[in-house]
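See below for the structure under consideration.
Nothing in this text is a laboratory measurement; each read-out follows from the coordinates by a stated rule. The model shown is predicted, which means the values in this text are computed figures rather than measured ones. Positions of Cβ are generated from backbone atoms using ideal geometry, with glycine treated the same way; all protein chains shown enter the neighbour counts.
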Amino acid sequence: MLATLLLTPLLAVAAPPTPPPYPFEKEAPADNGDRTTTREVALRSRWLSVPHGILDTYYYRGTEPGWAYLEGRPSLTAHALGIEASLRDGRHQGVFYVEYIDATFDAGYFDDVDEGTPNHLDGIFLDPGPWLGLAAVGADYLHVIPLLKPEHTAASIGISLSFGVGAGLGVVTGELSSWDADDVGNPAYKRYLDGSDRDEAMALPPVLPLVDVLAKLSFDFGERATIYADGGLHTALYWGVGAGVAF
């Protein structure tokens, strides 16, 4: 008994002090190394087009009786290349992107729809310049639905489906050359084929809004690499692919 009384103070002094409790545990739990937020950087490629059904409202397609030019109305298409950075937390993902949208449609004849009897000689001929397009920035929000969780495959692969909306702005680059019918009856396409000087560059707004409504199917590998395919509306209809890294 006497030995115990004598050793107790000595043991108390020799024992390492107990660390104080983390003072803000309830408000900000200490980091245990398990992050819920994933950061991703990806390159993306998109192919855009304006449906013929929409263009038919404004311009003849070129299959009508009496169509004057040897070719029909061109399809309006574009190709976009960009880079995006995203933050994903659970089922929520925010995407920020920069891209260049290059107009890829061919030069061609556009004859606006007439009221009454069609006149297929009063259309315009348009020729996109080499740098016609949009330099764009924007942001999207996506809701992520897991289809195959990484923990079910030893973190080797995960599959998810996302739906999102967003918006952006594009600065117009390049010029769109235009030819009209002249006063002596030469239609626009004849003046173009004859090598006549263009009338003017078509007036384009300096900035265009971009509206996004999309769906995306993603494949994550080892929680470090991702590839995806997506499609929807990027002001025009589009489909695309992307690949990136997560950290």
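Annotations for the structure displayed:
- Angle between the chain longest axis and helix 2-14 axis [Cα atoms, degrees, rounded to 10]: 30
- Along the stretch 97-112 the Karplus relation, 6.51 cos²θ - 1.76 cosθ + 1.60 evaluated at θ = phi - 60°, assigns HN-Hα couplings of 9, 10, 7, 10, 9, 9, 5, 10, 6, 7, 4, x, 9, 10, 10, 5 Hz to successive residues, with x for each Gly and Pro.
- Stokes-Einstein translational diffusion, the stretch 36-246 - Kirkwood Rh over all Cα pairs, 0.890 mPa s, 25 °C, in µm²/s: 126
- Computed magnitude of the charge dipole of the chain (debye, nearest 20; Cβ of K, R +1, Cβ of D, E -1): 1660
- Since only Met202, Ser86, Trp131 are under comparison, the one whose Cα sits farthest along the positive direction of the charge dipole of the chain, derived from C-beta charges on Lys, Arg, Asp and Glu, is Ser86.
- Phi-based couplings in Hz for the stretch 176-193 (Karplus 6.51, -1.76, 1.60; Gly and Pro marked x): 10, 6, 9, 10, 10, 5, 8, 6, 9, x, 6, x, 4, 5, 5, 5, 5, 5
- Converting phi to 3J(HN,Hα) with the Karplus coefficients 6.51, -1.76 and 1.60 and the offset θ = phi - 60°, the stretch 137-150 yields 9, x, 8, 10, 10, 10, 9, 9, 10, x, 9, 9, 7, x Hz in sequence order, with x at every glycine or proline.
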